[in-house]
Amino acid sequence: MSRPVITRIHAFAASLAFLTILAFWTSTVAVELLGGPAQIAAVKRAILAGLAILVPALALAGATGMRLGGKATGGLARAKKRRMPFIAANGLLILVPCAVILDRLASAGDFGALFVGLQALELAGGAVNLTLLGLNMRDGLRMTGRIRRPAREPGGTAAQRG
């Protein structure tokens with residue numbers, strides 16, 4: 001497959017993953033603020049079903065990103081590669097289990113302390129992944145020249161210069 005095709009697939013998969021997490025996050029906040037138990041349970045069920053979109057999108061974004069990044073060890077590519085293990089671990093170890101347990105609790109009408117605690121954890125984990133994916137998207141756009149890098153300031157840190 002040619003590099004431009006891989007680049008488009010990567011951009012699509014990363015965007016789909018970001019927007020899916022954003023939809024999960026905003027629907028959770030909205031239903032918690034405005035909905036009742038039945039609506040909360042429906043959102044938790046939809047999020048669980050939506051993992052069938054999110055997990056492959058993240059895997060595809062990671063695989064195509066690694067292929068595009070190749071053996072690059074510096075700058076923006078390195079920053080993106082460093083973030084991916086955290087995004088994956090957060091998703092697999094925190095967000096997926098939270099989605100499964102929250103769906104089960106909501107389906108049973110159990111909105112007690114465990115539900116509230118897991119909901120808070122899921123929202124925090126989702127916010128972290130949105131931030132990390134957003135940074136990766138920004139850096140990808142900088143790498144392709146679609147957005148400009150900020151001007152370098154004298155005396156900045158290595159991360160700011162990268």
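Being in a helix (DSSP H, G or I), in contact (Cβ under 8 Å) with a residue 24 or more places away in the chain and closer than 21 Å to Met137 by Cα is a property that Ile6 has.
Just one of the numbered conditions (1) open to solvent by less than 40 Å² (accessible area, probe 1.4 Å); (2) under 20 Å from Arg8 (Cα atoms); (3) over 10 Å from the mean Cα position of the chain (by Cα) is not true of Gly112: (2).
Of the residues contained in region 69-76, one or more are found to be closer than 22 Å to Asp139 by Cβ, aliphatic (A, V, I, L, M) and surrounded by 15 or more Cβ atoms within 10 Å (Cβ to Cβ).
Among the residues making up region 17-52, those that are open to solvent by 60 Å² or more (accessible area, probe 1.4 Å) and under 12 Å from the mean Cα position of the chain (by Cα) are Leu19, Leu22, Trp25. Suppose the filter is in contact with a helix residue (DSSP H, G or I) (Cβ under 6 Å, 6 or more places away or on another chain) and part of a loop (DSSP other than H, G, I, E, B); does Ile94 pass it? No. Just one residue in the set Ala77, Ala46, Ala17 is touching a residue at least 12 places away in the same chain (Cβ under 8 Å), of a type in the set (A, V, I, L, M) and touching a Gly at 6+ places or on another chain (Cβ under 6 Å); that residue is Ala77. Here Leu123, Leu102, Leu130 are screened, and the one residue that is open to solvent by less than 30 Å² (accessible area, probe 1.4 Å), touching a helix residue (DSSP H, G or I) at 6+ places or on another chain (Cβ under 7 Å), in contact (Cβ under 8 Å) with a residue 24 or more places away in the chain and farther than 30 Å from Ile6 by Cβ is Leu102.
Of all the numbered requirements in (1) in contact (Cβ under 8 Å) with a residue 12 or more places away in the chain; (2) of a type in the set (Val, Ile, Thr); (3) not in a helix (DSSP H, G or I), Val55 misses one, and that requirement is (3). Do we find that Ala88 is closer than 21 Å to Gly134 by Cβ, assigned to a loop (DSSP other than H, G, I, E, B), open to solvent by less than 60 Å² (accessible area, probe 1.4 Å) and at pLDDT below 95 in this structure? Spelling it out, it is not the case that Ala88 is closer than 21 Å to Gly134 by Cβ, assigned to a loop (DSSP other than H, G, I, E, B), open to solvent by less than 60 Å² (accessible area, probe 1.4 Å) and at pLDDT below 95. Take Gln160 and tell me if it is part of a helix (DSSP H, G or I), farther than 21 Å from Leu60 by Cβ and at pLDDT below 95. Yes, satisfied. Each residue in region 95-112 was checked for being in contact with a Gly (Cβ under 9 Å, 6 or more places away or on another chain) and within 16 Å of Thr20 (Cβ to Cβ), and 3 pass.
The values are calculated or read from the model by the stated rules, or taken from the named source; none is laboratory data. Model, not experiment: these values are computed from the prediction. Here the Cβ is made from the backbone with ideal geometry for all residues, glycine too, and neighbour counts use every protein chain on show. We work out accessible area using only protein heavy atoms, side chains counted, and drop any ligands, DNA or RNA first. Shrake-Rupley method; radii C 1.70, N 1.55, O 1.52, S 1.80 Å.
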